[in-house]
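Asks: Okay, here's the structure, questions in a sec.
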Amino acid sequence: MLTYTLMSELPELDNLNRKQIAALVGVAPMNRDSGSFEGERYIRGGRHKVRTVLFVIHDVSDSISSQTQALV
């Protein structure tokens, strides 16, 4: 599912570096700074389908990892 989503939603994968891809997907932290004001960093925008698939896969792998640790 991840491979299909990346290939179909990000045709630019072979032309961009990892920082550009992270910004394009919407997982790169964006700052809210203005002058001397330092705001919080947050993620937003980007390709919603790709970001959603990445977070779901991360949650599933984290759950499987914690279950495996409980067995050991």
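Asks: Please state which one of 57, 43, 21 is of a type in the set (A, V, I, L, M, F, W, C) and modelled with pLDDT under 85.
Replies: 43
Asks: Now, a different point. Assuming residue 32 fulfils every condition listed in (1) of a type in the set (D, E, K, R); (2) touching a Gly at 6+ places or on another chain (Cβ under 6 Å); (3) surrounded by 11 or more Cβ atoms within 10 Å (Cβ to Cβ) apart from one, which condition is it?
Replies: The one condition residue 32 does not meet is (3).
Asks: Looking only at the range 38-54, count how many residues are of a type in the set (Gly, Ala, Ser) and either more than 14 Å from residue 23 (Cβ to Cβ) or assigned to a helix (DSSP H, G or I) (or both).
Replies: Within the range 38-54, residues that are of a type in the set (Gly, Ala, Ser) and either more than 14 Å from residue 23 (Cβ to Cβ) or assigned to a helix (DSSP H, G or I) (or both) number 1.
Asks: Here's a follow-up. Considering only the range 1-55, state which residues are free of Cβ contacts under 8 Å to residues at least 24 places away in the same chain, out of contact with any strand residue (DSSP E or B) (no Cβ under 7 Å at 6 or more places or on another chain) and hydroxyl-bearing (Ser, Thr, Tyr).
Replies: 3, 4, 8, 34, 36, 52
Asks: If the requirement is being out of contact with any helix residue (DSSP H, G or I) (no Cβ under 7 Å at 6 or more places or on another chain), hydrophobic (A, V, I, L, M, F, W, C), assigned to a helix (DSSP H, G or I) and surrounded by 15 or more Cβ atoms within 10 Å (Cβ to Cβ), which of these qualifies: 23, 70?
Replies: The match here is 23.
The values are calculated or read from the model by the stated rules, or taken from the named source; none is laboratory data. Just so it is clear, the structure is predicted and the values come from calculations on it, not from any experiment. Methodologically, a virtual Cβ is constructed for each residue, glycine included, from the backbone with ideal geometry; neighbour enumeration extends over all protein chains shown.
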